[in-house]
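What follows is a single structure, written as structure tokens, with notes after it.
The numbers here are math on the coordinates, done by the rules we state, and not lab data. Source: prediction; values computed, not measured. Cβ coordinates were reconstructed from backbone atoms using ideal geometry, including for glycine residues, and neighbour counts include every protein chain displayed.
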Amino acid sequence: MEYLASILQNAAPMVHFISFGLLILAGFNMPVSEDLVFIISASIAATIVPQNAVYIFIGCFLGAYCSDIIAYSLGRFLGPKLLTISFFRKNLPQERIDKIESYFEKYGSKTLFFGRFIPFGIRNVLFITSGLIKLRFIKFLIVDLIALSVTSSILFYLGYSFGNNYKVIIPYLDQYKYIIFSLFIIAILFFVIKGKIDKKNEEHA
């Protein structure tokens, strides 16, 4: 984390480009933490280059989205051949791929949406598996875009809010994300139920 923070802080005026590039590398299964890139970049936006805050968020968001598409494409176009490459075989355990495939069979694209909230190497396996099972590209784009909009907003908000004190939230990062994600789901359910109630009331009016 310290090394990543040093890279981004030393390139503060260009951090939106650096963050974009780092997140692209993550799509090729390089060990780059999306969560940390978002949080540290947001911290820099709050404390060093506030005038670039919007550009930094856009750079992070596009980097993460393109990264997801790259991972999906690797699975889609290379297929099982991908696992014959030693680098990928070492970082993509077959048992983990099989498990995610079973989730796709049971829950469909919901697996992609909810799985995007799980860090620590699960995301890339999830995206690559989406390609391996040939999940429709347009569906992948839409579901991933919605999920990324939620996760990126959470991460950037936390990093921006805590500024130079961003390190204190790292141990509690998952808890913050799960709490805010739960509130997001509750809000959606509220509007869905409210819509149905309003529709029934109109029918009986």
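Here are a few things to note about the model shown:
- The Cα trace of the chain gives Rg and Dmax of 18.7, 66 Å, the first to one decimal, the second as a whole number.
- Over the chain, Cα pairs under 8 Å with separation of 6+ residues give a relative contact order of 24 percent.
- A simple spin-label model places the labels of THR47 and PHE190 3.3 nm from each other, with each point 7 Å out along Cα-to-Cβ.
- Screening the chain for whole DSSP H helices of 27 Å or more along their axis (Cα) with average Kyte-Doolittle hydropathy at least 0.5 returns 53-73, 137-162.
- Highest-fluctuation residue, PHE190, PHE28, PHE57 considered, GNM on the chain with Cα pairs under 10 Å: PHE190
- Sparse packing (at most 15 other Cβ atoms within 10 Å of the Cβ) combined with a DSSP loop state is found for the following trypsin sites (Lys or Arg not before Pro) in segment 112-158: LYS134, ARG136.
- Extended-chain gain in nm, criterion 0.36 nm per residue less alpha-carbon gap, SER102 and TYR157: 16.4 nm
- Here the contact order of segment 1-115, divided by its residue count and restricted to Cα pairs under 8 Å and six or more residues apart, works out to 24 percent.
- Highest-first packing order for the peptide set 8-14, 101-107 is 8-14, 101-107, based on the mean count of other beta carbon atoms within 10 Å.
- Legend: distances between Cα atoms for LYS81/LYS139; LYS139/LYS167; LYS106/LYS139; pairs beyond 26 Å are LYS139/LYS167.
- By the beta-carbon count within 10 Å of each Cβ, the least crowded to most crowded order of TYR166, TYR157, fewest first, is TYR157, TYR166.
- Each Lys or Arg adds one and each Asp or Glu takes one away; over the other residues whose Cβ falls under 14 Å from the Cβ of ILE142, this sums to +2.
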